Amino acid sequence: MKRLPVAIACAALLTTSAAFAKEVPTSIDDVAQPGGTLTGNPEIAFVQVATGFLDPVNVANAGDGTGRIFVVERAGRIQIVGKDGAVNDEPFLDLTSINPLGSDVQTGFVEQGLYSVAFHPDFAENGYFYVHYASLPFNGDGMIVRFTVDPESPDVVDADRANGTAKVIMRIEQPWYNHNGGQIEFGPDGMLYIGSGDGGWEGDPYEAGQDLSTLLAKILRIDVDTEDDTVPYKIPADNPFANASSERLMSLFGITEEEFSKIKTRSRPEIWSYGVRNPYEFSFDQKTGDLFIADVGQNHWEEVIFEKAGNGGMNYGWPRMEASYCHPMTGDPAESDCAVVGTLPVAQYPHSAPYPGAPEDASGGCSIQGFGVLNYGGMEGVYMVGDWCSGRVFGIGHDGESWQLQDMMQTTMQFTAGGYDEDGMVMVVNANNFYLADQGPDTNPPGALWRIMPAADVPEGAVVADSVQ
Amino acid sequence: MSKFRHLLPICLMLAVSFSHAAETATGTETADQTAESENAPESGSLEFLHALTNKPLDMNMRPDQVLTPAVLEFHETGENPYSGDAEHIAAGEKLYRKQCQACHLKDGKGRIGPNLTDETWTRARTDTEKGRFEVVYGGGAGAMQAFGLRMDQDAILEVLAFIETFRGQ
């Protein structure tokens, strides 16, 4: 035990230094890449909580003290996992059965389906929860809908209850079947944040990333607490473009250029930040309120975006940039000369070919999936991510001087998403789905729910995911 | 898990020292492997191992499938009886189009998945037909899933016979 005081002093020192130094890189040289080391070189394990989920694609808790974990299945169901790890027989919500004409969820392409669930900060009192899904009746448009739990039936929202309480908050038109974003999450400020993809195909044909007149390729932020419940949502007054498109009289003289630049007559006030490609997963650091976005890349790089709490209005570059490099990539970026557009990511890792013509490295990834921010196990504000294709797990953190991307482990799993349990531990789901020709959300081999634990704390007898370093 | 919340914030130094003791915790057992003892290979046949973990594969992932003479022969020899057989190669090509082409591309040169047309293999074991079977059947990592859950072993031999034609070109 004599090392304890030293350890406390050490941890305190690191905590303090990390707290004031988390700045976003201004140079590509400062963007973390594989090969880094997190403070303390932490070791983690994936401990199985429950299994048998069909294409699980998200996980959340209700924050109501029940300890329930909600696992989102792509077909349109939400399953409840109890504190003891038992999965309820009946789903919490089943969007495949609320519409007598068939499922309400479009799953025709593997990136489509029910994406996520978020519980209102006052869920315990008002029973409100929100889902985001690809709507079949609306040809794959993203529907964000509020439902209200019946207090008499806290574990099952049946079809009648769902239809009787449904309030459509937003519909995001989706021109193509891919890059739909997905994650919705309440921030520490009580606002609902929405990850919205660029609408699909490849290369952002709409130029949506840099177009403030579309909700695509954005992080959106809305206030769902409307006094009048016929109003879908309110625009938070401190959104960066809250008033940029408001009608006004034109004045040409005596106005500074900075003031002119704030007039954006076509901008959408819901936009919080822009220039993202497919923010399928994002997570708030529950301790600091900082936001991490796992922005899925195109042919060559996956990236992690860091946004200090409350720091909206950022441009993350897509489709001018792919991670730290100019898009489209035409060769080795070290030999090209291009100006950075927007704010750089804090970390990035490559696909098997980091640029066209590069030597292939089969350990590369293809699709980053964010899990959550770890503030335990010796880690302070470490964003854990995994890759849908490679099965690798990376931790991203700041060591007080610079951002680090540590290769945590190689697993066999296909990761799809993460979330938190009520104790702030990071939960992860893996699926067995991919761009295969003949598989549907209910026929793919099932996936599982895992809890990320410090390797030293794995309970005896626990089922731990296979991994190699 | 509430007891672990009280470990916050855990001291760094302690985490490092604990971690050494925990190294054996990774990959101790998996849910899938609980059935393995019942599905051990019969005496005398080859042992098939997971490409990443080297753990014995469950050779009974699809209990309803028929283990054809070709499969049984393969289990003994590690040689693919369908190698060079036009009919089975054609069947393998159809399966490849459905299950493999999205990542390895039509010509096998790869994009998300590695190139299958050369003699460079991602994992050392894949320079043998047995090793390639292990990767396809039991999965490698991530998107290279256990296709033994999706296809019968006989079908996997057909796919492997087709993939072999890439390297003959």
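The values are calculated or read from the model by the stated rules, or taken from the named source; none is laboratory data. Small disclaimer: the values here were computed from a predicted structure and weren't measured. Don't worry about glycine lacking a Cβ; one is built from the backbone with ideal geometry, like all the others, and counts go over all protein chains shown.
Numerical summary
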quantity	calculated
Number of positions in the stretch A:280-318 that are within 15 Å of A:GLN369 (Cα to Cα) and either out of contact with any strand residue (DSSP E or B) (no Cβ under 7 Å at 6 or more places or on another chain) or not in a strand (DSSP E or B) (or both)	4
Given (1) closer than 21 Å to A:VAL117 by Cβ; (2) under 17 Å from the mean Cα position of the chain (by Cα); (3) of a type in the set (Asp, Glu), number of the condition A:ASP290 does not satisfy	(1)
Selection within the stretch A:59-85 - on the phi < 0 side of the Ramachandran plot and not aliphatic (A, V, I, L, M)	A:ASN61, A:ASP64, A:THR66, A:ARG68, A:PHE70, A:GLU73, A:ARG74, A:ARG77, A:GLN79, A:GLY82, A:LYS83, A:ASP84
Yes/no for A:SER251 being surrounded by fewer than 21 Cβ atoms within 10 Å (Cβ to Cβ), of a type outside the set (Phe, Trp, Tyr) and at pLDDT below 95	yes
Filter result (buried (at least 16 other Cβ atoms within 10 Å of the Cβ) and either without any contact (Cβ under 8 Å) to a residue 24 or more places away in the chain or touching a His at 6+ places or on another chain (Cβ under 6 Å) (or both)) within the stretch B:118-132	B:TRP121, B:THR122
Only one of B:THR24, B:THR68 that is within 20 Å of A:VAL468 (Cα to Cα) and either more than 14 Å from chain A (Cβ to nearest Cβ) or modelled with pLDDT under 95 (or both)	B:THR24
Qualifying residue in the stretch B:126-134 (condition: in contact with a strand residue (DSSP E or B) (Cβ under 8 Å, 6 or more places away or on another chain) and not in a loop (DSSP other than H, G, I, E, B))	yes
Residues of the stretch B:84-99 satisfying the condition of being at the interface with chain A (Cβ under 10 Å from one of its Cβ atoms) and without any contact (Cβ under 8 Å) to a residue 60 or more places away in the chain	B:ARG97, B:LYS98
Sole residue being out of contact with any Ser or Thr (no Cβ under 9 Å at 6 or more places or on another chain) and either at the interface with chain B (Cβ under 8 Å from one of its Cβ atoms) or part of a loop (DSSP other than H, G, I, E, B) (or both), chosen from A:GLN439, A:GLN410	A:GLN439
Filter result for A:ALA75 (small (Gly, Ala, Ser), part of a loop (DSSP other than H, G, I, E, B) and touching a Gly at 6+ places or on another chain (Cβ under 7 Å))	yes
Enumeration of residues in the stretch A:352-399 that are over 26 Å from A:GLU202 (Cβ atoms), of a type in the set (Val, Ile, Thr) and touching a Phe, Trp or Tyr at 6+ places or on another chain (Cβ under 7 Å)	A:VAL373
Only one of A:GLY386, A:GLY381, A:GLY357 that is within 16 Å of A:PHE282 (Cβ to Cβ), surrounded by fewer than 23 Cβ atoms within 10 Å (Cβ to Cβ) and within 14 Å of chain B (Cβ to nearest Cβ)	A:GLY381
Criterion violated by A:CYS326 - all others in (1) within 24 Å of A:GLU281 (Cα to Cα); (2) surrounded by fewer than 17 Cβ atoms within 10 Å (Cβ to Cβ); (3) without any contact (Cβ under 8 Å) to a residue 24 or more places away in the chain satisfied	(2)
Condition check for A:TYR420: among the aromatic types (Phe, Trp, Tyr), over 15 Å from A:ILE293 (Cβ atoms) and facing chain B (nearest Cβ under 8 Å)	no
Total residues in the stretch B:135-169, condition of a type outside the set (D, E, K, R) and not in a helix (DSSP H, G or I)	10
Number of the exception - A:ALA118 against (1) modelled with pLDDT under 95; (2) buried (at least 24 other Cβ atoms within 10 Å of the Cβ)	(1)
A:ARG277 vs. criteria assigned to a loop (DSSP other than H, G, I, E, B) and surrounded by fewer than 19 Cβ atoms within 10 Å (Cβ to Cβ)	no
Number of the exception - B:ASN80 against (1) more than 11 Å from chain A (Cβ to nearest Cβ); (2) surrounded by fewer than 22 Cβ atoms within 10 Å (Cβ to Cβ); (3) assigned to a loop (DSSP other than H, G, I, E, B)	(2)
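Conditions (1) modelled with pLDDT under 90; (2) farther than 22 Å from B:THR53 by Cβ; (3) of a type in the set (Gly, Ala, Ser), marked per residue:
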{"position": "B:ALA102", "(1), (2), (3)": "no, yes, yes"}
{"position": "B:GLY108", "(1), (2), (3)": "no, yes, yes"}
{"position": "B:GLY113", "(1), (2), (3)": "yes, no, yes"}
{"position": "B:LEU116", "(1), (2), (3)": "no, yes, no"}
{"position": "B:THR120", "(1), (2), (3)": "yes, yes, no"}
{"position": "B:ARG125", "(1), (2), (3)": "yes, no, no"}
{"position": "B:GLU129", "(1), (2), (3)": "no, no, no"}
{"position": "B:GLU134", "(1), (2), (3)": "no, no, no"}
{"position": "B:GLY139", "(1), (2), (3)": "no, no, yes"}
